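The values are calculated or read from the model by the stated rules, or taken from the named source; none is laboratory data. In this text the structure is predicted, and so the values were computed from the model without any measurement. Note: ideal-geometry Cβ built from the backbone for every residue, glycine included; neighbour counts use all protein chains shown. Heads up: the accessible areas ignore ligands, DNA and RNA and are worked out on the full protein's heavy atoms, side chains in. Shrake-Rupley method; radii C 1.70, N 1.55, O 1.52, S 1.80 Å.
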Amino acid sequence: MYEKDTPFLVCPTCGEFGILDVIYDYDGVSRVLTKESLLQSDYHSIWRYLPLLPVEDRFIDQTLKVGSTPLYLANQLTNKLKLKALYIKDEGLNPTASLKDRPSVIAAVKAKELGKQVIACSSTGNAATSLAGNAARLGLTSVIFVPKRVPIAKLTQLQIFGANVIKVDGDYKDAFRLSKLAIEHYGWYNRNAAINPFMVEGKKTVSFEIVEQLSFQPTNWVAVSVGDGCTIAGVYKGFLEFQKIGLISHIPRILGVQSSGCSPFVDAFIQNRGLRETDENTIADSIAVGIPRNPVKAMNAVKESNGSWIAVSDQEILEAMALLGSKEGIFGEPAGVTSLAGVKKALSTGLIKDSDTVTVIMTGNGLKDIVNASKAVKDVICLKPDLDSFIDYMNQLQKEGTV
Ligand SMILES: *Cc1c(COP(=O)(O)O)cnc(C)c1O
């Protein structure tokens, strides 16, 4: 156990993968964070949960508005998948369009509190863009290490937010290693979620919101896509802490979903062994993580919640993307809809039952990667501008039953 102002490091006895865990005075918090206090909160952002966040209130009024994203009851999908109820938490509506704004805004505020001017991280994309945006908003400088395969929209976002972008000739593993060395060398504030224990504190707020939005009666299952494992660890911690302060009675079963092109957690779970390095071979770039940096807490989240792990193919991810878009009007990036593809698959294997209620956390906006999204849809044909051609085409569409 360390005091709150300990400069964070991973646990000296557990080593590289021993990310520290933030613990609060839950008795004390349960007196100030109540259903009534939440109803009266002026904040429609993650700051409504300040008693359970590791920051002071000094800078919170200056940040981008992060959180308070919608939770939709997905009417069409609920019917189509034959479930009791399916909810979609649309994290693509955060300010830089992914769930990563939740941890990044904490990082930016922390850097301000500590008087650091430069903040750095390595990322497959969204952690980077969210850090760059949140840093810009607070007048900080960001240095961002990205792997070579970063999608163009995410790279452009970084540039627009004025980040110093270091594109590393290699994959995410290489970008992570270089960032670690550089951050140590220059003494910058480190936003790498796999080292900084405060990042999970931002991520857990997604669960707080889900609980509030479901009137303190969460669904049986919550599904989330997994790369490093920090998000799923945060999702679990959110439910656990709301249980600790008496706001919910049970924790939903957590379904961790990966792409079969990069599924170290699922492989370890199925073969009942430790994690092994895998290739990073999937269109879901945000979860293409061959050496997950948060294995202990991610495995624990599934185990303690009596959840499970499942892998889906890139094809299933693309199908889920088209399904979510066409049935609910929500556009997710590949990693964002991997969770939904996992739910569909878990229904077909009987893991999730049609009597279950499910929340899908849709982690990132589809506009971040339109190159892959375009693979999920049919080409649009170009018509001659006359009514006869149009009528021919309409006949064809009517035959196909789309109009
Ligand atoms: C980062 C990210 C994830 C997975 O989070 P991890 O902490 O790496 O497991 C899932 N989806 C999107 C869109 C992400 O950006």
Segments classed as helices (runs of 4 or more DSSP H), wholly inside segment 306-403, with at least 3 members that are open to solvent by less than 70 Å² (accessible area, probe 1.4 Å) and in contact with a helix residue (DSSP H, G or I) (Cβ under 6 Å, 6 or more places away or on another chain): 314-328, 334-349
Selected residue [in contact with an Asp or Glu (Cβ under 9 Å, 6 or more places away or on another chain), within 14 Å of the ligand (Cβ to nearest atom) and open to solvent by less than 10 Å² (accessible area, probe 1.4 Å)] from 98, 123: 98
Count of segment 126-139 residues which are assigned to a loop (DSSP other than H, G, I, E, B) and either touching a residue at least 24 places away in the same chain (Cβ under 8 Å) or within 16 Å of the ligand (Cβ to nearest atom) (or both): 1
Members of segment 278-305 that are part of a loop (DSSP other than H, G, I, E, B) and without any contact (Cβ under 8 Å) to a residue 24 or more places away in the chain: 278, 279, 281
Residues of segment 181-206 satisfying the condition of being more than 16 Å from the ligand (Cβ to nearest atom), in contact with a strand residue (DSSP E or B) (Cβ under 8 Å, 6 or more places away or on another chain) and not aromatic (Phe, Trp, Tyr): 182, 183
Number of the condition not met by residue 149 [criteria: (1) open to solvent by 20 Å² or more (accessible area, probe 1.4 Å); (2) of a type outside the set (A, V, I, L, M, F, W, C); (3) in a helix (DSSP H, G or I)]: (3)
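Here is a yes/no grid of residues against (1) assigned to a helix (DSSP H, G or I); (2) open to solvent by less than 90 Å² (accessible area, probe 1.4 Å); (3) hydrophobic (A, V, I, L, M, F, W, C):
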residue: 43; (1), (2), (3): no, yes, no
residue: 55; (1), (2), (3): no, yes, yes
residue: 61; (1), (2), (3): yes, no, no
residue: 110; (1), (2), (3): yes, yes, no
Scan of segment 248-263 for residues that are surrounded by fewer than 21 Cβ atoms within 10 Å (Cβ to Cβ) and closer than 18 Å to residue 338 by Cβ, ordered by number: 253, 260, 261
Qualifying residue in segment 315-322 (condition: of a type in the set (Gly, Ala, Ser), touching a residue at least 12 places away in the same chain (Cβ under 8 Å) and more than 16 Å from the ligand (Cβ to nearest atom)): yes
Residue 296 vs. criteria within 14 Å of the ligand (Cβ to nearest atom), open to solvent by 10 Å² or more (accessible area, probe 1.4 Å), out of contact with any Cys (no Cβ under 6 Å at 6 or more places or on another chain) and farther than 20 Å from residue 46 by Cβ: yes
Residues within segment 235-261 that are within 22 Å of residue 280 (Cβ to Cβ) and within 11 Å of the ligand (Cβ to nearest atom), tallied: 4
Residues of segment 27-41 that turn out to be buried (at least 16 other Cβ atoms within 10 Å of the Cβ) and either in contact with an Asp or Glu (Cβ under 9 Å, 6 or more places away or on another chain) or more than 20 Å from residue 209 (Cβ to Cβ) (or both), as a count: 2
